1. May I ask you to say which residue of Ala177, Ala190 is touching a Cys at 6+ places or on another chain (Cβ under 8 Å) and surrounded by 15 or more Cβ atoms within 10 Å (Cβ to Cβ)?
2. Does the stretch 203-214 include one or more residues that are touching a helix residue (DSSP H, G or I) at 6+ places or on another chain (Cβ under 9 Å), assigned to a loop (DSSP other than H, G, I, E, B) and without any contact (Cβ under 8 Å) to a residue 60 or more places away in the chain?
3. When you look at Gly87, is it touching a Lys or Arg at 6+ places or on another chain (Cβ under 7 Å) and either within 30 Å of Ile132 (Cβ to Cβ) or at pLDDT 90 or above (or both), yes or no?
4. Looking only at the stretch 36-58, count how many residues are open to solvent by 90 Å² or more (accessible area, probe 1.4 Å) and over 20 Å from Ile233 (Cα atoms).
5. Looking at the stretch 62-75 only, could you name the residues that are surrounded by fewer than 20 Cβ atoms within 10 Å (Cβ to Cβ) and aliphatic (A, V, I, L, M)?
6. Return yes when Gly231 is exposed (fewer than 14 other Cβ atoms within 10 Å of the Cβ) and part of a helix (DSSP H, G or I) and no when it is not.
7. What number of residues in the stretch 32-60 are closer than 26 Å to Arg216 by Cβ, over 26 Å from the mean Cα position of the chain (by Cα) and part of a loop (DSSP other than H, G, I, E, B)?
8. Could we say that Ser32 is free of Cβ contacts under 8 Å to residues at least 40 places away in the same chain and small (Gly, Ala, Ser) here?
Amino acid sequence: MHSSWLRHPWLLGTLGLAVTVLLWGTITALGSVDPLFLPSPASVFQAGIAQGQAGLLWRDLVASVGRVFAGFGLSALVALPLGIAMGTNVVICRLLEPLMGLIRYMPAPAFIPLLIIYFGLGELPKVLLIFIGTLFFNSLMIMDAVKFVPPELVETALTLGGRRKQLLTKVIAPCIAPQVLDAYRINMAAAWNLVIVAELVAANEGLGKRISLAQRFLRTDEIFLGLIVIGLIGLMIDLGFRLLMRRSCAWAN
C-alpha cells in the first residue's frame, strides 16, 4: 500500500488539496467566521462563474500570463549566456558579480516609480519590472551551476582535444541543464509576484487589477478567486517545468 502511494505521488497531492477544501467548506458552513473575512468555496466558485460569463476572468488571465511570459522569457534568454560567461570567465565574473549582488538585494517593486516615469503606464514597464526582478537571480544561479561542473569532466574533454565550443556544448551545457531548468522553475514564482504588484499599481486589466478592485469593494470572494487562479497557474507551470526536466534530463532524475 505504501509503495503504491509512492508510485503515484499525485494522489497524495490531490488528497492534500481535497482535505484543505473540505476543511475550508466545513469552517464556513458552521458559520464560525464572517463571510466577509472567509467566503465559502461555493461563493468563490460562483464568483468565478460570473467573471467567466462576463469575459473578465479570461481577459485578466491572458493579460497577466502574457506579461509574465514576456518578462520572464526575456530574463531567461539574457541570463543563460550571461550566467555561463560569468561561470567560465574569471574576469567577467569579478566584473559583474558585485554589481549583480548589489542590485539583487534592491526590491524590484521599488523600481516601479522610475519605470513609470521612463516608460509611462503601458505594458513595457510591467514587462521590464519582471525582467529586472528575475534577471539577476537567474544569472547568478546559472553562474553557480557552471562553477560546480566537475573539473574532471572539463579536464578530460581538454585532454581529448576538445575545443572551447565543444567544451560548452558537450560538457557544460548538458551538465548544467537540470540546474538551469530548476532555477527557472523557482524564479518563475517571483515573476508572478512582480506582475501582481505591477498590476495593483497601474493596470487596466489583469489578475492583480481584479484583486485590487475586489478589495476596494470588499468582495473577498473575488479576492480568493484571484489568488486561487494564480496558484493554479503557478502549479501548472511548476508541473510543466518538472515534466520538461524529466523528459530532457532523464539521466539527472
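The values are calculated or read from the model by the stated rules, or taken from the named source; none is laboratory data. Here the structure is a predicted model, which means the values were calculated and not measured. Reconstructed Cβ throughout: ideal geometry from the backbone, glycine too, with neighbour counts over all protein chains shown. Each accessible area value is taken on the protein alone, full model and side chains, heavy atoms only, with ligands, DNA and RNA left out. Shrake-Rupley method; radii C 1.70, N 1.55, O 1.52, S 1.80 Å.
1. Ala177
2. Scanning the stretch 203-214, I find at least one residue that is touching a helix residue (DSSP H, G or I) at 6+ places or on another chain (Cβ under 9 Å), assigned to a loop (DSSP other than H, G, I, E, B) and without any contact (Cβ under 8 Å) to a residue 60 or more places away in the chain, so the answer is yes.
3. So Gly87 fits the description; yes.
4. 1
5. Val62, Val65, Ala70, Leu74, listed by residue number.
6. Answer is yes for this residue.
7. The total comes to 8.
8. yes
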